[in-house]
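What follows is a short report on a single structure.
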Amino acid sequence: VFAIVVFASITAEGYVNSSAEAQVKCVFNRNDGACHYGVGIGVIAFLASFAFLLADALLPSMSNAQERKYVVMADLGFS
């Protein structure tokens, strides 16, 4: 949910167009890198949360205890 909020807020209102310039600029100190960073983190967080949600759904069907341990540790580490 937080990944969607971050991604949506930056893409919807993160860029402004001043009356003097035709090109849009990022709200955060007029630095496009700041907006790209926020969008990138939002996308990565969304994809990772989807992947770990899928892994949690498949966790009971994993028979190898070592694989289950790696999935749980990766989820914990990423969180």
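The values are calculated or read from the model by the stated rules, or taken from the named source; none is laboratory data. Quick caveat, the model's predicted, so the values are computed rather than measured. Cβ placement follows ideal geometry from the backbone for every residue including glycine, while neighbour counts extend to all protein chains displayed. With ligands, DNA and RNA removed, areas are computed over all heavy atoms of the protein, side chains included. Shrake-Rupley method; radii C 1.70, N 1.55, O 1.52, S 1.80 Å.
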Arrange the peptides 31-42, 55-66 so that the one whose residues have, on average, the most other Cβ atoms within 10 Å appears first. 31-42, 55-66
Calculate what fraction, in whole %, of the accessible area of the stretch 8-58 sits on carbon and sulfur atoms when a 1.4 Å probe is rolled over the protein chains. 67
Relative to the chain, whose Cα atoms define the longest principal axis, helix 32-58 and its Cα axis are tilted in degrees, nearest 10, by 20
Excluding Val27 itself, calculate the net charge of residues whose Cβ lies under 15 Å from the Cβ of Val27, where each Lys or Arg counts +1 and each Asp or Glu counts -1. -1
Suppose a student asked you for the relative contact order of the chain, using Cα pairs under 8 Å spaced at least 6 residues apart; what percent would you report? 25
Per the helix-only calculation at 222 nm, which mean residue ellipticity applies to the chain, given -39500 (n - 2.57) for every DSSP H run of n ≥ 4 and division by its residues, nearest 500 deg cm²/dmol? -22500 deg cm²/dmol
Å³ per residue enclosed by the Cα convex hull of the chain: 88
Accessible surface, per residue, of the stretch 1-78 when the full set of protein chains is kept, probe 1.4 Å, Å²: 76
To the nearest 20 Debye, how big is the dipole of the chain about its Cα centre, given +1 on the beta carbon of each Lys and Arg and -1 on that of each Asp and Glu? 100
